[in-house]
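The values are calculated or read from the model by the stated rules, or taken from the named source; none is laboratory data. Fair warning: this is a prediction, and the values are worked out from it, not measured in the lab. Here the Cβ is made from the backbone with ideal geometry for all residues, glycine too, and neighbour counts use every protein chain on show.
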Amino acid sequence: MKVAIITFPGSNCDQDCHRSVELACGSPRYVWHRETSLGGADAVIVPGGFAHGDYLRPGAIARFSPVMDAVTRFGRDGGLIVGICNGFQVLCEAGLLPGALLRNRSLRFQSHHCRMRVERTGTPFTSTFREGQVLGMPLSHADGNYYANPETLADLEAEGRVLFRYCDARGNATAEANPNGSLHNIAGIVNARGNVLGMMPHPDRAIEAVLGSVDGLPLFESLVGAIARKEVA
Amino acid sequence: MANPASGNGGAPAAGGPGGTATLESPLPRPGDPAITPELVEDHGLSPDEYAQIRRIMGREPTFTELGVFSAMWSEHCGYKNSKRLLRLLPTQAPWVIQGPGENAGVIDVGGGYALAFKIESHNHPSAVEPYQGAATGVGGILRDVFTMGARPVATLNSLHFGDLDIPRVRYLFGGVVKGLGDYGNCVGIPSTGGEVYFDRGYEDNPIVNAMCLGLMRKEDLIRGTAEGVGNTLMAVGARTGRDGIHGATFASEELSEGDDEASRPQVQVGDPFTEKLLLEASLELIASGHIVGIQDMGAAGLTSSGAEMAGRSGTGVEMDVALVPVREQGMTPYEILLSESQERMLVVAEAGKEDAVREILEKWELEAETIGSVTATGSFRVLEGGVAVADIPALPLTDGCPTYERQGAEGDDVRELREMDIAPYVEPPGGLEDAFLRVVGSPNVASKQWVYEQYDTTVRGNSIERPGGDAGVIRIPGTNRGVAASTDCNGRHTYLNPRAGAMGAVAEAARNVACTGAVPMAVTNCLNFGSPLKSHIQHQFREAVLGMRDACAYLETPVTGGNVSFYNETDGKAVYPTPVIGMVGVIDDVEAVVRYAFRDPGDPILLLGANTGELGGSEYLYALHGLVAGEPPPVDLPAERALQRCILAMAQLRLLKSAHDVASGGLAATLTECCLGRPRTGRSVGAAVRFTDALSDTALLFGEDHGRVVLTCAPEDEDRLLRHAANYGVPCARIGTVTDPRAPLEIETPSSRLRLESETLRERYYGVIPDIMNQ
């Protein structure tokens, strides 16, 4: 149950993800961006931060880091990949996920608690959640405003690929509950094959009660569980 | 820069014989301007100071040497107008590992860990270019902490601006907040607290002070020293450019021959991405054991880092500026030595380990170049392509700066304001409820959510108490221990009475830390004042230092360093004297952290401490009458100490369900905050409160008397709390009960009844700053 955590110059949630995987009983390992192999990892996490300083555009330079070839191959072969925050931006830039993350509607960096609804369980990332469950966790980004063209959005919705949607405390995906202007209140999506997840909120910062929320931990438990099941099968 | 409140540790006198005796003296460099009295004056040096330089040198200095002296003997590096007074501050305690004089102070926080912490100003650059000015302030303070071997774990900032109805103030405020946020967010350091004040006293000169906390294992501490003759000096990180050269004002044509470009801005530009790489590389370097010393090239760049490292060790350094990686061609030694380009470090590597150092830097995509070595000469010696351009005894350069102590006298205008009879203003013009809502809705009291939501507060997963509470609390990674920190200074109080105000700043900062259940341990300070050449500023500074001395000594929170920022004035008008206190504390178990918000209906509300109704310098007078007047609240140090010990004992016994300090805006502000709770995640409750004090309603609700905390506990613990308070000799009385979610805040006094709807309070408290800034 080895989980590779990709570390770029400028990654700063690598330790948070490391701890999250540990708490979920997986075996995390850092993989520096210049490496060309994932070292036999069973899953990959692309953590948050400011890879390569977010210069040009978040994720725009990171996609050219040597390790991204291995990550892309891993994803094409069906390997499980999670991109959180800046990781989501990197995966979009690398073409592993559709759409783009634009500047927040407020035009400001936003760091605060948000709520999102679990749209679908039974995926490798959400198997330990309940459908419709409302999760609370921090978000922290300047560019989290999800955009995709109408055809892509229609596909995402029709294929049930929106896994998380911003909502209010009662689970309603209202305009007021949308923190950054994301289309359809989208907080997290998967690719067509369902093995690559990108999300803006930080499950890696919601893994301990003393920090205010444990709603993020089941995501890592789902991931580690999915790997374990695959190994058994 | 190091705060020299304590001596240098008895390094041997430098400049004496040692090393090779026949080093050639530097000669004037072709193109150097002649040293004239005007040039000396332009360098901010008096004729007496120049005479002393000649005595130290035994000859005329070269232009390059003059620049070096000018920087090292500036207020910023040399503390010439503050050093003598700063020596009065208490600096020692068994838990202090590193006091003043280093890049940052360090204390023992138990469990084998040490905490490095420091606060620094970036007022002047922020007044000119708020975004970069503030951003580079964060960069500098992070470097001061990680050069001690500590990983930065939290930042705080203390900000003071003019009134928000002035467009330029909004521009400065917005730019500073964005600059602080963008830099800290990119480096990945959570912001855990701070303070923001608005008052016309800061209209032209904002105060922007950034504080950083860093943690390390005690054995990983490293200092900014140049030990070991023959060891190698290396320039690490970003390249050196012409940005930020020298505060003194002279035309750039004199600086560099063959460079026709217009003069460069004094404000440096920050690159947080390089900072992040430098942070990781420096910590890896320190862990590798290949280096013996490291220091930020901060103010006065290579000059101060080289001279201070040599001065601290009693060694010398020799460096060749031709070897320093530069951003542009044709830079003179003067420029290279005084450049303040950001994100650079001076490293002393063990001889023979240069390649290993370079390898670590290369991994982080940074440069490391050998530029010189440690010598036994006691000299700060600089070459240019092998030709000597400066050779100055290091210790007199760092410690020989002439110091001045002036008594000064209080300004007449301040005395008049302080002695003014404020009784005519006690009656609120629009009634008590109107006054209540105006105080709670004044930008000083209102929520700073608009500010702190632009800062990443949760990165790295150890933020226990985030901004908005009494003090920020960060868990020590991998343990249950935590460190708490708060920054405080009520500039109105220090303006009206610098001694009482400074004492109050220390007391309030300690009280804030204690309210979370953490024991206040030590202080870093940032002393923001006007020109030290003016009598009334000298008076303010002296009084503030004396107030700090008394409070820090009494509360057993020694000062481990800090920063002095003078000349915060425009057109002869100085800012309020603003001695910002950065207080740090320790808590054994972060699960026991006490939060500020009321929790459950039915919980008894208690007031610890006594109401005395101090309206002098209050937010009430400013918000309703536009007045900064009256005698500010005095601090009763024995009562304050007893109160804090009492709170800590209650927290340790886990008797507290909430605790919140009373400060700006008085009980009105405190009760509002306790009821509203945190935005987004919190739940608002109501409260029914009754006071029996024989004070006017205004003095009771808006007085800013020190030494008070509002508490709640479980109903069954009320008697125990009251007994504890009695044991500590602290007045404590039940003042009310927490009521239902969304219920109003009801307050009864001997003469009035107030009923404040939750939604009205919420709109005022959370709405005012976003409404102003989003308009």
Review point. Listed residues B:Val594, B:Val590, B:Val575; which is hydrophobic (A, V, I, L, M, F, W, C), in contact (Cβ under 8 Å) with a residue 24 or more places away in the chain, farther than 28 Å from B:Arg680 by Cα and in contact with a helix residue (DSSP H, G or I) (Cβ under 7 Å, 6 or more places away or on another chain)?
Key: B:Val575
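Listed here are the residues, each with its yes/no results for (1) assigned to a loop (DSSP other than H, G, I, E, B); (2) within 30 Å of B:Glu453 (Cβ to Cβ); (3) more than 14 Å from chain B (Cβ to nearest Cβ); (4) charged (D, E, K, R).
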residue	(1), (2), (3), (4)
A:Asp168	yes, yes, no, yes
A:Asn172	yes, yes, yes, no
A:Ala177	yes, yes, no, no
A:Gly194	yes, no, yes, no
A:Pro201	yes, yes, no, no
A:Asp204	no, yes, no, yes
A:Val210	no, yes, no, no
A:Ser222	no, yes, yes, no
A:Arg229	no, no, yes, yes
Point to revise | Pair list, Cβ < 9 Å and 6+ apart or interchain, from region A:5-17 residues that are over 12 Å from A:Asp54 (Cα atoms) to residues that are in a strand (DSSP E or B) and charged (D, E, K, R) | key: A:Ile5/A:Arg29
Practice item. Quickly run through region B:176-217 and pick out the residues that are more than 14 Å from chain A (Cβ to nearest Cβ), among the aliphatic types (A, V, I, L, M) and more than 17 Å from B:Val473 (Cα to Cα). Key: B:Val196, B:Ile207, B:Val208
Practice item. Please give the number of the condition B:Asp199 fails out of (1) farther than 30 Å from B:Ala629 by Cβ; (2) surrounded by fewer than 24 Cβ atoms within 10 Å (Cβ to Cβ); (3) at pLDDT 95 or above. Key: (1)
Exercise for review: Could you check, for region B:221-234, whether at least one of its residues is modelled with pLDDT of 90 or more and either closer than 27 Å to B:Ile476 by Cα or within 14 Å of chain A (Cβ to nearest Cβ) (or both)?
Suggested key: yes
Practice item. Would you check if A:Gly78 is of a type in the set (Gly, Ala, Ser), in contact (Cβ under 8 Å) with a residue 40 or more places away in the chain and surrounded by 24 or more Cβ atoms within 10 Å (Cβ to Cβ)? Key: no
Check your understanding: Among the residues of region B:575-620 satisfying the criterion of being over 19 Å from B:Gly469 (Cβ atoms) and within 19 Å of the chain's Cα centre (by Cα), which is farthest from the other protein chains (Cβ to nearest Cβ)?
Key -> B:Pro577
Practice item. Quick one: which residue in A:Ala100, A:Ala154, A:Ala158 is touching a helix residue (DSSP H, G or I) at 6+ places or on another chain (Cβ under 8 Å) and surrounded by fewer than 23 Cβ atoms within 10 Å (Cβ to Cβ)? Key: A:Ala100
Review point. Can you find even one residue in region B:483-504 that is touching a Pro at 6+ places or on another chain (Cβ under 7 Å), within 30 Å of B:Leu615 (Cβ to Cβ), at pLDDT 95 or above and among the hydroxyl-bearing types (Ser, Thr, Tyr)?
Key: yes
Study note, to complete from the structure: Looking across region B:458-514 at residues that are within 14 Å of chain A (Cβ to nearest Cβ) and of a type in the set (A, V, I, L, M), the single one that is nearest to A:Val210 (Cα to Cα) is B:Ile464
Revision key, fill the gap. Of the residues in region A:123-145, those that are over 13 Å from A:Val190 (Cα atoms) and more than 14 Å from every other protein chain (Cβ to nearest Cβ) come to A:Ser127, A:Thr128, A:Phe129, A:Arg130, A:Glu131, A:Gly132, A:Gln133, A:Asn145
Point to revise | Of the criteria (1) away from chain A (no Cβ under 14 Å); (2) modelled with pLDDT under 95, which one B:Asp661 fails | key: (2)
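Table: residues versus (1) within 23 Å of B:Glu362 (Cα to Cα); (2) more than 16 Å from the chain's Cα centre (by Cα); (3) crowded, with 20+ Cβ neighbours inside 10 Å.
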residue	(1), (2), (3)
A:His33	yes, yes, no
A:Val44	no, no, yes
A:Gly53	yes, yes, yes
A:Ser65	yes, yes, yes
A:Gly95	no, no, no
A:His113	no, yes, yes
Practice item. For region B:116-132, state whether one or more residues are free of Cβ contacts under 8 Å to residues at least 60 places away in the same chain and touching a helix residue (DSSP H, G or I) at 6+ places or on another chain (Cβ under 9 Å). Key: yes
Revision key, fill the gap. Filtering region B:577-594 down to residues that are buried (at least 22 other Cβ atoms within 10 Å of the Cβ) and in contact with a Ser or Thr (Cβ under 6 Å, 6 or more places away or on another chain) yields B:Pro577, B:Val580, B:Gly582, B:Met583, B:Val594
Review point. What about B:Ile537, is it over 30 Å from B:Leu115 (Cβ atoms), part of a strand (DSSP E or B) and among the β-branched types (Val, Ile, Thr)?
Key: no
Study note, to complete from the structure: In region B:166-180, anything surrounded by fewer than 17 Cβ atoms within 10 Å (Cβ to Cβ) and over 11 Å from B:Met773 (Cβ atoms) is listed as B:Ile166, B:Pro167, B:Arg168
Review point. Looking at B:Glu365, B:Glu318, B:Glu340, which is the one that is within 14 Å of chain A (Cβ to nearest Cβ) and not in a helix (DSSP H, G or I)?
Key: B:Glu365
Review point. For region A:1-107, which fully contained helices (runs of 4 or more DSSP H) count at least 3 residues that are within 12 Å of chain B (Cβ to nearest Cβ)?
Key: A:14-23
**Study point:** Candidate set: region A:179-192, residues that are in contact with a Pro (Cβ under 8 Å, 6 or more places away or on another chain) and farther than 18 Å from B:Arg680 by Cβ; chosen: the one farthest from the other protein chains (Cβ to nearest Cβ)
**Key:** A:Asn191
Practice item. Determine whether B:Leu711 is within 36 Å of the chain's Cα centre (by Cα), under 22 Å from B:Asp636 (Cα atoms) and surrounded by 19 or more Cβ atoms within 10 Å (Cβ to Cβ). Key: yes
**Study point:** Subset of region B:457-504 (residues that are β-branched (Val, Ile, Thr), touching a Phe, Trp or Tyr at 6+ places or on another chain (Cβ under 7 Å) and surrounded by fewer than 24 Cβ atoms within 10 Å (Cβ to Cβ))
**Key:** B:Ile476
**Study point:** Meets criteria (more than 25 Å from B:Ala299 (Cα to Cα) and either in contact with a Cys (Cβ under 9 Å, 6 or more places away or on another chain) or at pLDDT below 95 (or both)) for B:Gly582
**Key:** no
**Study point:** Candidate set: region B:132-164, residues that are more than 17 Å from the chain's Cα centre (by Cα), modelled with pLDDT of 95 or more and farther than 25 Å from B:Ala484 by Cα; chosen: the one surrounded by the most Cβ atoms within 10 Å (Cβ to Cβ)
**Key:** B:Gly162
Practice item. Could you identify the single residue in B:Ala694, B:Ala687, B:Ala699 that is over 22 Å from B:Gly504 (Cβ atoms) and surrounded by fewer than 23 Cβ atoms within 10 Å (Cβ to Cβ)? Key: B:Ala694
Exercise for review: Give just the number: which of (1) surrounded by fewer than 24 Cβ atoms within 10 Å (Cβ to Cβ); (2) within 14 Å of chain A (Cβ to nearest Cβ); (3) touching a Phe, Trp or Tyr at 6+ places or on another chain (Cβ under 7 Å); (4) not acidic (Asp, Glu) does B:Asn444 not satisfy?
Suggested key: (2)
